[in-house]
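The values are calculated or read from the model by the stated rules, or taken from the named source; none is laboratory data. Treat the numbers as computed from the prediction; the structure is a model and nothing was measured. Cβ atoms come from the backbone with ideal geometry, glycine included; neighbour counts cover every protein chain shown.
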Amino acid sequence: MCGIVGYCGYRDCSDVLVDTLSKLEYRGYDSAGIAVFENGEIKVKKSKGKLKDLKAKMEQCGKPVGKAGIGHTRWATHGKPSDINSHPHSGEKVAIVHNGIIENYKQLKEFLISHGETFVSDTDTEVVAKLLGYFYKKNPENPLATIQSTVNELEGSFALGIVFEDFPDVVYATRRQSPLIVGVGKDEYFIASDVTAIISYTKNYYLIDHDEIVEMKQDGVVIYDEYGEEKTKELMTADWDAESAKKGGFPHFMIKEIHEQPNAINMTIKPRIFDGMPNLEECGITRENIKDFKNIYIVACGTAMHAGMVGKYVIEKLARVPVVVDIASEYRYRNPIVGEGDLVIIISQSGETADSLEALKLSKKMGAKTLAIVNVKGSSIAREADMLIYTHAGPEIAVASTKAYIVQLAVMYLFAFQLALAKETINENQCRFLTQELESTPKVIEKILAEKLDMTQFIATKLISADSLLYIGRGLDYALSMEGSLKLKEISYIHSESYAAGELKHGTISLITENTPVIAVATQKNLLEKTVSNIKEVKARGAKVILVTREDFSVDKEAYDYLITLPKMHDILMPIPTAVPLQLIAYYTSVERGNDVDQPRNLAKSVTVE
Ligand code: F6R
């Protein structure tokens, strides 16, 4: 998704803008640009491609020199990636950068054309720039009123960085739906789409609410509410530092983040376990206030939805409450049967995913209680939900989610244990045992990381020329296979599908030909025999089987070609260790194929548009 930044301070603004934009590269982008006040004039530089292309352009034609300005990385929505479509866009005496989508841009464009405006780009953003110019002409003394009049006309989502030619060295910003923060340093201020951009300059920031307007100068920042009244905001402090957002000696963020999983689990579960028992009171969850829920919906997108799939199996098994898992973009448009007495759990790493946020709002409107499981502090989903459990994965930079997924699983377990206690479907001793097993997962992952890197790398070399592969499993292994399959396809670009092993015979087995790779996951004792029968069926049809199972299970050698064994844990906890080799296989396959592991093509880290 697009990233926006802005700066007012004592440093070279162009350098700061490019540097802060480089921290947002992980969001995905295809062009970049900046606008800087140089001797009172707005100088714009922009380019299709990566930041290095913008830098090369500035080396050739000179970079703007000044102390205040705005910058942008663009992930194309309206109009292809090109120099012209790149931001900043300009109107009468104004330049802007924008993250989001203006839904009524066509009507606004027609209106502006009828008033003599002309357009050079295909973007919705240029319409906002021209509309700002239109209102500014009517009231050139008052940028605040200009911004208010403009946003009043906009439908959709936006975070905007704005500079007016007549107000040199002042940066304005506002937002609706799309995220925006203001970084507060010493004699310098920043705007950014997220904290990652500014963390190497300051850890202090304000969260900007819908329709608030920021007025930022080198000597201070003022935030106005939608009525133009000055607001006092709480200054937040990030609980991680610039080092967390660096590769720290690893070749890619993804592999670094895979290695951070043991610590991420500890950080997430330790503060929620007292005396060997789960305790989610600080998140507003007590046995008393969850015991009466009759139905649970888990709504999310992508990897977060897959964490929900594991959650479904675990909650249903332990707490005996029916759980429906839904894709947020489907849920919100299908008039879901949800209401009072139901709990809707929204899972999201970023806390900004547009469909998940809307699903949350809809659920609240329909009378359900909502619980958000979110990684990014102060994000929109975190702020909207009735109950909130933060995961503590730290910043996740690689587009492919790994450590955020693992901690989503960890939270699913804590919640399921707590619910099962509340429902009295497990007793305290059983809960203590399961909690202990959960607490041991970081050590188990460390062991896997110490022992399985070579094997997963070797397996990757067997997958690189495959056209397509299958992941199969039953029960929790099936839920986990979905995530293994998504991870592989998003970064290796090899098609793959996950399938419930028992369902293969009903159609999909016809895809198996000589040497089709099949990754079979078999970690559940009660399902082992059945899964092995399914594995033998694909093996008999020529599949190359990679079996992921437990070291205490013995499986006929004829059933597989390559074997990955995992330490023994209670069946229900097995998804946590099992996720790791599946992540590694995807990672190494992408590396072997020479792909951009951390920024796979066409993908964005935070999907703030529908
Ligand atoms: C895949 C991946 C995505 C996200 C999805 C939801 O590796 O990361 O599928 O899980 O876009 O994002 P969040 O969790 O931010 O709501």
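For region 272-287, a residue qualifies if it is outside any loop (DSSP other than H, G, I, E, B) and either modelled with pLDDT of 95 or more or charged (D, E, K, R) (or both), and the qualifying residues are Arg272, Ile273, Phe274, Met277, Pro278, Glu281, Glu282, Arg287. With under 22 Å from Ala410 (Cβ atoms), in contact with a strand residue (DSSP E or B) (Cβ under 7 Å, 6 or more places away or on another chain) and assigned by TED's automatic domain parsing to the domain that holds Leu419 as the only criterion, which of Thr435, Thr523 stands out? Going through Thr435, Thr523 in turn, just one is under 22 Å from Ala410 (Cβ atoms), in contact with a strand residue (DSSP E or B) (Cβ under 7 Å, 6 or more places away or on another chain) and assigned by TED's automatic domain parsing to the domain that holds Leu419: Thr435.
Of all residues in region 7-36, those that are at pLDDT 95 or above, surrounded by fewer than 24 Cβ atoms within 10 Å (Cβ to Cβ) and of a type in the set (Phe, Trp, Tyr) total 1.
Taken over region 398-438, the criterion of being over 15 Å from Arg272 (Cα atoms), among the aromatic types (Phe, Trp, Tyr) and over 21 Å from the mean Cα position of the chain (by Cα) is satisfied by Phe433 alone.
Residues of region 13-51 that are acidic (Asp, Glu), out of contact with any Gly (no Cβ under 8 Å at 6 or more places or on another chain) and in a loop (DSSP other than H, G, I, E, B): none at all. Looking across region 333-355, the residues that are without any contact (Cβ under 8 Å) to a residue 40 or more places away in the chain and either more than 20 Å from Met387 (Cβ to Cβ) or within 18 Å of the chain's Cα centre (by Cα) (or both) come down to Tyr333, Arg334, Asn335, Ile337, Gly351. Counting the residues of region 412-424 that are touching a Leu at 6+ places or on another chain (Cβ under 9 Å) and within 16 Å of the ligand (Cβ to nearest atom) gives 0.
With respect to (1) more than 9 Å from the ligand (Cβ to nearest atom); (2) under 24 Å from Ser401 (Cβ atoms); (3) aliphatic (A, V, I, L, M), the lone exception for Val338 is condition (2).
For region 291-305, the set of residues classified as more than 8 Å from the ligand (Cβ to nearest atom) and within 19 Å of Leu409 (Cα to Cα) consists of Ile296, Tyr297, Ile298, Val299, listed by residue number. Taking the condition in a helix (DSSP H, G or I), touching a residue at least 12 places away in the same chain (Cβ under 8 Å) and within 16 Å of the ligand (Cβ to nearest atom), does Met267 pass? It is false that Met267 is in a helix (DSSP H, G or I), touching a residue at least 12 places away in the same chain (Cβ under 8 Å) and within 16 Å of the ligand (Cβ to nearest atom). Taking the criterion of being surrounded by fewer than 17 Cβ atoms within 10 Å (Cβ to Cβ) and charged (D, E, K, R), the only residue of region 459-481 that qualifies is Asp467.
Note on region 385-426: residues that are small (Gly, Ala, Ser) and either outside any loop (DSSP other than H, G, I, E, B) or out of contact with any helix residue (DSSP H, G or I) (no Cβ under 9 Å at 6 or more places or on another chain) (or both) amount to 5. Check region 237-246 and report whether any residue there is hydroxyl-bearing (Ser, Thr, Tyr) and in a loop (DSSP other than H, G, I, E, B). Checked region 237-246: no residue is hydroxyl-bearing (Ser, Thr, Tyr) and in a loop (DSSP other than H, G, I, E, B). Checking each residue of region 348-356 against the condition of being touching a strand residue (DSSP E or B) at 6+ places or on another chain (Cβ under 9 Å) and over 24 Å from Lys487 (Cβ atoms) gives no match. Inside region 182-193, residues that are in contact with a strand residue (DSSP E or B) (Cβ under 9 Å, 6 or more places away or on another chain), surrounded by fewer than 24 Cβ atoms within 10 Å (Cβ to Cβ) and over 13 Å from Val171 (Cα atoms) make up a count of 2. In region 219-272, the qualifying residues are those that are surrounded by fewer than 12 Cβ atoms within 10 Å (Cβ to Cβ) and among the hydroxyl-bearing types (Ser, Thr, Tyr), and the one that is nearest to Leu449 (Cα to Cα) is Thr237. Might you let me know whether region 178-191 holds any residue that is more than 19 Å from Gly6 (Cα to Cα), without any contact (Cβ under 8 Å) to a residue 60 or more places away in the chain, assigned by TED's automatic domain parsing to the domain that holds Pro64 and of a type outside the set (Asp, Glu)? Within region 178-191 (the criterion being more than 19 Å from Gly6 (Cα to Cα), without any contact (Cβ under 8 Å) to a residue 60 or more places away in the chain, assigned by TED's automatic domain parsing to the domain that holds Pro64 and of a type outside the set (Asp, Glu)), the answer is no, since none of the residues qualifies.
Can you find even one residue in region 558-573 that is surrounded by fewer than 23 Cβ atoms within 10 Å (Cβ to Cβ) and touching a His at 6+ places or on another chain (Cβ under 9 Å)? Within region 558-573, none of the residues are surrounded by fewer than 23 Cβ atoms within 10 Å (Cβ to Cβ) and touching a His at 6+ places or on another chain (Cβ under 9 Å). The number of residues in region 511-537 being more than 35 Å from the chain's Cα centre (by Cα) and within 21 Å of Met482 (Cβ to Cβ) comes to 3. Being surrounded by fewer than 15 Cβ atoms within 10 Å (Cβ to Cβ), more than 16 Å from the ligand (Cβ to nearest atom) and of a type in the set (D, E, K, R) is the requirement here; does Lys539 meet it? The answer is no for Lys539. For residues that are within 18 Å of Lys530 (Cβ to Cβ) and of a type in the set (S, T, N, Q), tally how many sit in region 553-588. Qualifying residue count for the region: 2.
I'd like the residue in region 482-500 that is within 15 Å of the ligand (Cβ to nearest atom) and under 23 Å from Lys317 (Cα atoms) and, out of all such residues, is surrounded by the fewest Cβ atoms within 10 Å (Cβ to Cβ). This residue is Met482. Per the conditions (1) exposed (fewer than 15 other Cβ atoms within 10 Å of the Cβ); (2) touching a residue at least 60 places away in the same chain (Cβ under 8 Å); (3) over 28 Å from the mean Cα position of the chain (by Cα), the sole criterion not satisfied by Met455 is (1). For Glu288, the conditions (1) surrounded by 22 or more Cβ atoms within 10 Å (Cβ to Cβ); (2) in contact (Cβ under 8 Å) with a residue 40 or more places away in the chain are fulfilled apart from (1). Among strands (runs of 3 or more DSSP E) entirely within region 506-579, having at least 2 residues that are of a type in the set (Ser, Thr, Tyr) and more than 27 Å from Leu438 (Cα to Cα) singles out no element at all.
Restricting Glu490, Glu529, Glu558, Glu551 to those that are touching a residue at least 24 places away in the same chain (Cβ under 8 Å) and of a type in the set (D, E, K, R) reduces the list to Glu490. Taking the criterion of being among the charged types (D, E, K, R) and more than 16 Å from Phe190 (Cα to Cα), the residues of region 213-233 that qualify are Asp225, Glu226, Glu229, Glu230, Lys231. For region 349-401, the tally of residues that are among the small types (Gly, Ala, Ser) and within 11 Å of the ligand (Cβ to nearest atom) stands at 12.
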